[in-house]
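Right, one structure below, let's go through it.
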Amino acid sequence: MEKKIILDSDLGIDDSIALGTLLGGGADLIGITTTFGNVTPEQSAENIASLLSLSGHEDLPIHVGNSIRFNGTPYQRLKVTNDIHGINGFANIKLPVSGKQYPHDAADWLISMIHQYQKDLDLMFIGSLNNLACALEKEPNIADGMGTLYIMGGCINVPGNVTQYGEANIMDDVEGAALVFQKVHDIRVLGLDVTTATFLTRDAVKKWGKYELGSYYETAENFYIDAEEKLDHLRNCAYVHDPSTAVAYFHPEYFEWRKGKYSVDVGTDSRGRIVQTADSGNQAFAVNVNSMDVLRFIDQAMIQYFEEAASEKVLK
Ligand SMILES: [Ca+2]
């Protein structure tokens, strides 16, 4: 890929597959910022550090975000998150601990990287939009000086998964999301409309188990599938939220996009609702997906990620 990318994540289980898909797919990932949602920003950093070290990417910088929403209220983890992602966000699997301390400067680091790389830097946010909102508040001119922003969040034609209108990542920081949609012009949004239309099955992740790193992923995804069976009454499969966003980075043509301008409702009645405010504009919301292509790409990229991790280990 010609462009560089930064991933911002509340690393839970589907985030971990998005990370693997980006790396295995060949994205030029230059670092990761962490936010709240599935876990705290600190736990997300710990989980990411473990996966990076297991996959031979321990040199990638990690910058931790804060746990205060853009409106000043503290982030509170929903109890249901323990059931979906495990207490540690990764199916309660004990991963190797890095023991490193990471700087708590996610917003400042994003600003400096956007200044450095400008339109050659894309951003992918698969948790709350808090870090980007904080960066935009400090340095509003970055809004027009970055590449494309990819977001997993929201929904337009299907119900939310927290409230009738509210999707979890948007609901984790509604005011932060509202600022991002107001300021950033070049956005691709992967919402529940497409992420709940693609299903990763137990069968599909079975072959991941023959790789050392892949065996963690197989166990984690099966934990996630167990939760989805109880919560969403799925059977032997789970939705593909964050990894769909990673696939869209490589293959936007796997999705049908509705271009325009969107805003996030901060009122009480339909809080977190995504509203289309104009038909023209460079904010695009995915409304349809070719699921077979998405699943095939995830599988190829994850196998590549596991194989590279294994060969890295042999080299050491
Ligand atoms: Ca996430």
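The values are calculated or read from the model by the stated rules, or taken from the named source; none is laboratory data. All of these numbers come straight from a predicted model, not from anything done at the bench. Glycine gets a Cβ as well: all are built from the backbone with ideal geometry, and neighbour counts include every protein chain shown.
Structure summary
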read-out: Test result for L123, within 16 Å of the ligand (Cβ to nearest atom), modelled with pLDDT of 95 or more and touching a helix residue (DSSP H, G or I) at 6+ places or on another chain (Cβ under 6 Å); value: no
read-out: Yes/no for G99 being part of a loop (DSSP other than H, G, I, E, B) and either closer than 22 Å to V174 by Cβ or within 16 Å of the ligand (Cβ to nearest atom) (or both); value: no
read-out: Close pairs from the range 119-137: first surrounded by fewer than 24 Cβ atoms within 10 Å (Cβ to Cβ), partner part of a helix (DSSP H, G or I) and among the hydroxyl-bearing types (S, T, Y), Cβ under 9 Å, at least 6 apart; value: D122/Y249
read-out: Neighbours by Cβ (under 6 Å, 6+ apart or cross-chain): first from the range 233-253, on the phi > 0 side of the Ramachandran plot; second more than 12 Å from the ligand (Cβ to nearest atom) and in a helix (DSSP H, G or I); value: N236/R202
read-out: Selected residue (only one of T277, T268 is within 23 Å of T163 (Cβ to Cβ), exposed (fewer than 15 other Cβ atoms within 10 Å of the Cβ) and at pLDDT below 95); value: T268
read-out: Given (1) in contact with a strand residue (DSSP E or B) (Cβ under 8 Å, 6 or more places away or on another chain); (2) not in a strand (DSSP E or B), number of the condition A278 does not satisfy; value: (2)
read-out: Residues (assigned to a loop (DSSP other than H, G, I, E, B) and either within 15 Å of the ligand (Cβ to nearest atom) or crowded, with 19+ Cβ neighbours inside 10 Å (or both)) located in the range 28-56; value: T35, F36, G37, N38, V39, T40, S55
read-out: Condition check for K94: among the charged types (D, E, K, R) and touching a Gly at 6+ places or on another chain (Cβ under 6 Å); value: no
read-out: Residues of the range 129-183 that turn out to be within 25 Å of T196 (Cα to Cα) and touching a Pro at 6+ places or on another chain (Cβ under 8 Å), as a count; value: 1
read-out: Close pairs (9 angstrom Cβ cut-off, 6 or more residues apart or separate chains): modelled with pLDDT of 95 or more in the range 302-314, surrounded by fewer than 17 Cβ atoms within 10 Å (Cβ to Cβ) anywhere; value: I303/K207; Q304/G26; F306/K210; F306/E212
read-out: Residue tally, condition within 18 Å of the chain's Cα centre (by Cα) and closer than 16 Å to G176 by Cα, over the range 42-79; value: 5
read-out: Single unsatisfied condition, A248 versus (1) closer than 25 Å to D83 by Cβ; (2) within 16 Å of the ligand (Cβ to nearest atom); value: (1)
read-out: Where a residue in the range 1-18 is modelled with pLDDT under 95 and acidic (D, E) and its partner, wherever it lies, is more than 10 Å from the ligand (Cβ to nearest atom) and not in a strand (DSSP E or B), with Cβ under 8 Å and at least six apart; value: E2/D120
read-out: Any hit, the range 66-81, residues being part of a helix (DSSP H, G or I) and closer than 19 Å to D172 by Cβ; value: yes
read-out: Of residues in the range 11-23 being within 17 Å of L149 (Cα to Cα) and within 9 Å of the ligand (Cβ to nearest atom), the one surrounded by the most Cβ atoms within 10 Å (Cβ to Cβ); value: D15
